[in-house]
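Undergrad: I have a structure I would like to understand better, so I am pasting it below and will then ask my questions one at a time.
The values are calculated or read from the model by the stated rules, or taken from the named source; none is laboratory data. Since the structure is predicted, the reported quantities are computational estimates derived from the model, not experimental observations. Every residue, glycine as well, gets a Cβ built from its backbone with ideal geometry; the counts of neighbours run over all protein chains shown.
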Amino acid sequence: MTAQTVDTPTATAGAAIELRQVSRWYGNVVAVNDVTMRIGPGVTGLLGPNGAGKSTLLHMMAGFLAPSGGVVTLNDRPIWRNHDIYRLIGLVPEREAVYGFLTGRQFVLSSARLHRLPDPQEAARRALATVEMEDAADRRIETYSKGMRQRVKVAAAMVHDPQVLLLDEPFNGMDPRQRMHLMDLVRAMGAAGKTILFSSHILEEVERVAEQIEVLVAGRHAASGDFREIRRRMTDRPHLFRVKSSDDRRLAAALIADASSGSVSVSAGGLEIQAVDFRRFTWLLPRVARDAGVHVYQVAPSDEDLESVFSYLINRSS
């Protein structure tokens, strides 16, 4: 299976992680299989069903797991066993990686000291403030809710102001306000030139935060780029459009005569059109409407959302 790739503009400066023909296996189990991708500045969403290899991929990018084959680099420097590069990367793992007997402040402070920051106390205070954890900073982590533990993990990962932030299911367990705050923070860091890669099983989160997506299916790289462009390049799948006009029946009769429309249905809400030739249909629609004397009020794709794209990629690869 070849990944569908869409070219998207990226910042010219900043950190870039590259994977070249990367694989990881455990005995006879292949977790990641021959993945090649580039993650540049901005926010990228990593998608895939359970067991697709997302966590394995993130751990290889963070330098905590060696590739079985291929190479992972940051700004063209190998990540594995390159301790200097660890200063440029922060990882928030999905699994709990906190000690319950520590306070939130102690946990973040220990991370600051491990990075040998010149003022670890101030760095820890700043990181806790960024994730809105100052009020609970001196409570033991074992008293925290799931969402609070997630936030203190984010604080520890970003205490050294890394260029790259890798987040594995970072929004798990957060209440709506906490989730919105972290989404805003991730977007702001991406806009500031940070390289952010986060995995999530909640498609709405990815759709609202990520500028582009990388999709893993069964350990393979299935698609890359802006999900709307990926959808438009799915030439083997008809596109669905909803159209509202001044005369839906006349427009339907004119469109059905052309081979680019596989089916056209009329309802109280307008037309639903299945376009089997996307390019021809988008060229044809305004011309047919003009010739028929019909005013088109709205044209909207009904299957160009992330859920539709993701479902198609999963089904195609299974």
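Undergrad: Search segment 29-43 for residues being buried (at least 19 other Cβ atoms within 10 Å of the Cβ) and among the β-branched types (Val, Ile, Thr), and hand back the single one that is nearest to Arg77 (Cα to Cα).
TA: Ile39
Undergrad: Here is a further query. Leu167: within 20 Å of His59 (Cα to Cα), modelled with pLDDT of 90 or more, out of contact with any Leu (no Cβ under 6 Å at 6 or more places or on another chain) and among the aliphatic types (A, V, I, L, M), yes or no?
TA: Numbers: within 20 Å of His59 (Cα to Cα): yes; modelled with pLDDT of 90 or more: yes; out of contact with any Leu (no Cβ under 6 Å at 6 or more places or on another chain): yes; among the aliphatic types (A, V, I, L, M): yes.
Criteria met by Leu167.
Undergrad: Starting from residues that are out of contact with any helix residue (DSSP H, G or I) (no Cβ under 6 Å at 6 or more places or on another chain) and buried (at least 18 other Cβ atoms within 10 Å of the Cβ), keep the ones in segment 64-87 and report whichever is farthest from Ala155 (Cα to Cα).
TA: Of everything passing the filter in segment 64-87, Thr73 is farthest from Ala155 (Cα to Cα).
Undergrad: OK, next. So for segment 287-295 (the condition being part of a loop (DSSP other than H, G, I, E, B), among the small types (Gly, Ala, Ser) and either in contact with a Gly (Cβ under 9 Å, 6 or more places away or on another chain) or at pLDDT below 90 (or both)), does at least one residue qualify?
TA: Step one: filter segment 287-295 for residues part of a loop (DSSP other than H, G, I, E, B), giving 293-295.
Applying the additional criterion that residues be among the small types (Gly, Ala, Ser) yields 293.
Next, only the ones that are either in contact with a Gly (Cβ under 9 Å, 6 or more places away or on another chain) or at pLDDT below 90 (or both) stay: none.
No - not one qualifying residue is present in segment 287-295.
Undergrad: Of all residues in segment 192-213 being touching a residue at least 24 places away in the same chain (Cβ under 8 Å) and over 23 Å from Ala52 (Cβ atoms), which is surrounded by the fewest Cβ atoms within 10 Å (Cβ to Cβ)?
TA: The extreme case among them is Gly193.
Undergrad: Follow-up question, since we're still on this one. If I ask for residues that are in contact with a Lys or Arg (Cβ under 9 Å, 6 or more places away or on another chain) and outside any helix (DSSP H, G or I), which ones from segment 95-115 would you list?
TA: Listed by number, the residues that qualify are Glu96, Ala97, Val98, Gly100, Phe101, Leu102, Thr103, His115.
Undergrad: Exactly one of these conditions fails for Ser111: (1) among the hydroxyl-bearing types (Ser, Thr, Tyr); (2) over 11 Å from Ala156 (Cα atoms); (3) in contact (Cβ under 8 Å) with a residue 12 or more places away in the chain. Give me its number.
TA: (2)
Undergrad: What are the residue pairs meeting all of these: first residue in segment 40-62, first residue in contact (Cβ under 8 Å) with a residue 12 or more places away in the chain and over 13 Å from Ser23 (Cα atoms), second residue in a helix (DSSP H, G or I) and small (Gly, Ala, Ser), Cβ atoms under 6 Å, and 6 or more apart or on different chains?
TA: Gly42/Gly190; Val43/Gly190
Undergrad: Moving on. Looking only at segment 139-153, which residues are under 18 Å from Asp184 (Cα atoms) and surrounded by fewer than 24 Cβ atoms within 10 Å (Cβ to Cβ)? Explain how you work it out, then say what you get.
TA: Quick first cut of segment 139-153, residues under 18 Å from Asp184 (Cα atoms) only: 147-148, 150-153.
Matches in segment 139-153: Gly147, Met148.
Undergrad: Is it the case that Phe107 is buried (at least 21 other Cβ atoms within 10 Å of the Cβ) and over 24 Å from the mean Cα position of the chain (by Cα)? Spell out the reasoning first.
TA: Details: buried (at least 21 other Cβ atoms within 10 Å of the Cβ): yes; over 24 Å from the mean Cα position of the chain (by Cα): yes.
The answer is yes for Phe107.
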